[in-house]
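Contents: one structure, followed by commentary.
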Amino acid sequence: MSIPRKSHEMLRLNCYITSFVIAFVITIILIPMALSVSAPSNPDSHWYINMAEGNYQETAKPFSYRVLYPFLAQKLTLLTHDVRSSFIVLALVSIFLLLFAVILLLMSKTTLPKILIISLFFTPYIMSLLKEYYLPDLCHAAIISCFFLTTIIFNRWYGILWLLPLFLTRESTILLSLTIILITFYNRENKLAMAALITTFIAIAISIYISSVAPSMPNLHRVNDLLYLFGKIPFNFLRNVLGVYTWFNVNDYHHPIVILKMPKYIHLGAIKTIVFGCLNFDRPLRTLITLLTYFGTLPIILLSIVKFRRKYLNNDIWLPVAVVYGLLTFCLGPSLGSSVERLVGFGWPAFLIATPILLAKYCQDKYLLIGLFSLSFLTSWLPFLGNWIFVNPLFGQLFVIVFAALLHYYTYRMLNNWRNKGAIT
């Protein structure tokens, strides 16, 4: 029996109102956290403050390509008369848009209890986004949430247009763009793939043009911008994953073990020497903890569903986009920069959009859902529990790693057992 059109519209309106109210209330609750941050804690913040104050000539690349967020802050300063206040307002608007879009998406596509949906947003990921309000990460996340909301619920052609502001916020949008292009081509959505490709080229051209109009400083190493971006990958992989500290002569370095001079026939800007320091496993431990806890047990839940029911991802191209893009950025995060938590956090679409939708679609037992979400919530807060229990940081880190690994294993076994019982279809 079909639902009358008027009743359907009432249900849709109720979904909009409920999502708006929940997002608004959570945003109000989070306001004190934003106001508690008086000074920027991330060293990259001053680049965005420079741009918001109009000092583009004092901003180094690639930060000067990320013009949208500081531009909005600059214009908002005409009303607030204070750069910090402008960034706080933008952060609160961004967190509201992120919450509203994701909640509306989950309420429209799932029958998950509202309390489980809300639990996804009282996690370290959301808290860390709000604390770093000088950075464009929160704005980028808000625009991505609007992209997925538009493509999944409304019109996918309009959704492609969100790539334009995304590229002007962060150049790492290229990962999302490539994912869209490859998956749409794979699914023979050639027109959509071409639209994404053309939009990508236009967005990159606009970003380069704006950066050339407002002259900025070259990157620290004075190398080609593309080489700089790709060169960060092995550099950060060595440090964050293997614990091998490396520097160049343009950096401040300590206790060098090996110093290699660049051959004269290799010209890499200001780079003349590569410095290798001693092994330090603090960063690899922190990286492992981030991967195990930042999104709770949602990664193992997603991987389990994809393993058990991979064919269901073929029903819609946008869930695979969220899964592939999210897992790609989640895995590459430790190799893209020194702020591992921030960069791993860019994988949030896989865990806050795709995982709940897939889990609700193929899991029929509400008690299992409550158990899985509870275990994930507990896992995400384990690092804070470890710091509270142990005075010695190393013991705290080992406690978190062991406990988180056990919770991931228990979650996987739980999903496997319930699948055998028929709770997961």
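The values are calculated or read from the model by the stated rules, or taken from the named source; none is laboratory data. All of these numbers come straight from a predicted model, not from anything done at the bench. Counting neighbours? That spans all protein chains shown, and the Cβs are built from the backbone with ideal geometry, glycine included.
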- Query: Do the conditions hold for residue 53, that is, is it out of contact with any helix residue (DSSP H, G or I) (no Cβ under 8 Å at 6 or more places or on another chain), in the same structural domain as residue 203 (by TED's automatic domain parsing) and acidic (Asp, Glu)?
  - Reply: no
- Task: Quick one: which residue in 134, 69, 125, 48 is assigned to a loop (DSSP other than H, G, I, E, B) and among the aromatic types (Phe, Trp, Tyr)?
- Result: 134
- Note on the structure: (1) farther than 21 Å from residue 203 by Cα; (2) touching a Cys at 6+ places or on another chain (Cβ under 9 Å) all hold for residue 133 apart from (2)
- Do we have residue 98 as modelled with pLDDT under 95 and not small (Gly, Ala, Ser) here? no
- Message: Could you check the stretch 149-171 and list, in sequence order, the residues that are in contact (Cβ under 8 Å) with a residue 60 or more places away in the chain, farther than 15 Å from residue 192 by Cα and either in contact with a strand residue (DSSP E or B) (Cβ under 9 Å, 6 or more places away or on another chain) or buried (at least 21 other Cβ atoms within 10 Å of the Cβ) (or both)?
- Response: 168, 169, 170
- Message: Scan the stretch 159-182 and tell me whether some residue there is closer than 18 Å to residue 17 by Cα and assigned to a helix (DSSP H, G or I).
- Response: no
- With respect to residue 334, is the statement that it is assigned to a helix (DSSP H, G or I) and modelled with pLDDT of 95 or more true? no
- Item | Sole residue being in contact with a Leu (Cβ under 9 Å, 6 or more places away or on another chain) and hydrophobic (A, V, I, L, M, F, W, C), chosen from 161, 130 | 130
